[in-house]
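Participant: Take this structure, written in structure tokens, and hold onto it; I'll ask about it next.
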Amino acid sequence: MKLVLPIAGVGMRLRPFSFSKPKAFVQIGGSRGVDHILNKIGASLPKKTPICLITGYKSVQIKDYLEKHYTEDFALGYVEQTPAGYQGDVPFFGGLGQAILLSKEWYENTPDVPTDKSKEDYCLVFLSDMIPVKDYQFILDALDDPNVDGVLGTMIVSPEKTQFYGIVETDEDNIIHSMVEKPKHTTSTQAISGVYAFKAKTMKRLYAILDQQYQAHLQAIKEGKKKKIEFQFTPGLQQLVEEGFKIKSEPFMEGILDFGRPEALLQANRILLEAHNAHLKGSIKKIEDSVITSPCAIGKNSQIIRSVIGPFVSIGKNCTIEDCNLENIVIGDNCTLKRIISKMSIIGDNVKIDSIIKDNITLGDNSFLLEL
């Protein structure tokens, strides 16, 4: 079993939170997004399962964090996706297709860990801003079918929203026969969710297809036939299907959460807290004269004093919450909030707020908001 995690993107939709950290490091449901993702996949795999992280934006921060927290769980490998250019001082990258293609050499030269399971030749590709409510195990189980070459995790969307997603169309056995990007008309409601699993023969062919398509992509840019630098992944998957590979659609029936936008983050936080039946956990420093309504998650070494907290509150590590009334709110690490009444707010790391009554607060890292 090998894992590929593209994590290079800037996360423009998550600004201001991604100014100072990767989008996968945003706090949600009591943990960083990347922690949810890695813990869910790692729970059912052998220790030291090899994982390739395709880094780019904030790559040093990503490496430092993973080396500190995940060296016992995974055999960490890295490939850097260099910026394709800049808009002002903000880098942009060559797309998901290029990111996955960059993992080819790592994939070919990295041995599997010994295991008595049947999944040694499998590869799971998953994105850093999509968190399954449960886990990824059913995707790998579906790949056990000897008649299946690959599995795409999908999510069921309402018919009016299919125009905003890549949509797969399947036969009666849920084998994909076409993929359409943002279709105007379709009878399918199965949207690509950013989780892909392949057997070794499929992965080998996919790399070859991506290589061919990427060279053609570069040539088209050079000849002025194409202006968009981003190299997409979906056309490579579509060619696999056209060549006769049996790629199955498996919906995340419990849901998969896209937390790549601030407006979606609070909803995802609520769903994760409910799904995990989150209660107080970790070594909380102090809870004094306070009422806490679950589900909530409160991080290590945080203290709650004379406050009403919850439901649906996620508080990071090393925070002080004093004389506050908070509901449906996400708070990062190392924050100090005093005399705050707020709902539906998102607060980054290292934030100080004092004497504010306001809903829908959005504050990035290292911010101050004080009553004047």
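The values are calculated or read from the model by the stated rules, or taken from the named source; none is laboratory data. Computed from a prediction, not measured in an experiment: that's the story for all the values here. Here the Cβ is made from the backbone with ideal geometry for all residues, glycine too, and neighbour counts use every protein chain on show. SASA here: full protein model, heavy atoms, side chains in, ligands and nucleic acids out. Shrake-Rupley method; radii C 1.70, N 1.55, O 1.52, S 1.80 Å.
Participant: So between SER178 and ALA200, what do we pick up on full extension, going 0.36 nm a residue minus the alpha carbon distance?
Facilitator: Gain on extension, SER178 to ALA200, equals 5.7 nm.
Participant: Follow-up question, since we're still on this one. About the Cα centre, and with charges only on the beta carbon of Lys, Arg (+1) and Asp, Glu (-1), how big is the dipole of the chain? Nearest 20 debye, please.
Facilitator: Result for the chain is approximately 840 debye, rounded to the nearest 20.
Participant: Beyond a 30 Å Cα-Cα separation, which of these cross-linked pairs lie in this structure: LYS161/LYS227; LYS23/LYS161; LYS58/LYS104; LYS63/LYS317?
Facilitator: none
Participant: Right, another one. Tell me which label goes with the value of Cα Rg over 2.2 N^0.38 Å computed from the coordinates here: [x] 1.04; [y] 0.97; [z] 1.17.
Facilitator: So the calculated entry is the one marked [x].
Participant: Shifting gears a bit: With every protein chain present, what is the per residue accessible area of the stretch 222-372 (1.4 Å probe, Å²)?
Facilitator: That works out to 49 Å² for each residue.
Participant: Tell me, what is the per residue accessible area of the stretch 16-100 in Å², probe radius 1.4 Å?
Facilitator: 38 Å²
Participant: Something else about it: Put a dot 7 Å past each Cα toward the Cβ at VAL308 and LYS134; how far apart are the dots in nm?
Facilitator: Going from the LYS134 label point to the VAL308 one covers 3.7 nm.
Participant: By the scheme Lys and Arg +1, Asp and Glu -1, what is the net charge of all other residues having a beta-carbon under 12 Å from that of VAL60?
Facilitator: 0
Participant: So which lysines can LYS358 reach, going by Cα to Cα under 19 Å and dropping same-chain residues fewer than 8 places off?
Facilitator: Cα-Cα hits under 19 Å: LYS338, LYS343.
Participant: Using θ = phi - 60° and the Karplus form 6.51 cos²θ - 1.76 cosθ + 1.60, what ³J(HN,Hα) does each residue of the stretch 351-358 get, whole Hz, x for Gly and Pro?
Facilitator: Ordered by residue, 3J(HN,Hα) equals 10, 10, 10, 9, 6, 9, 10, 6 Hz.
Participant: Something else about it: Label-point separation (nm) for SER44 and THR293, each offset 7 Å from Cα along Cα-to-Cβ?
Facilitator: Roughly 3.5 nm, to one decimal.
Participant: Which percent of the accessible area of the chain is formed by carbon and sulfur heavy atoms (probe 1.4 angstrom)?
Facilitator: It is 50 percent, rounded to a whole number.
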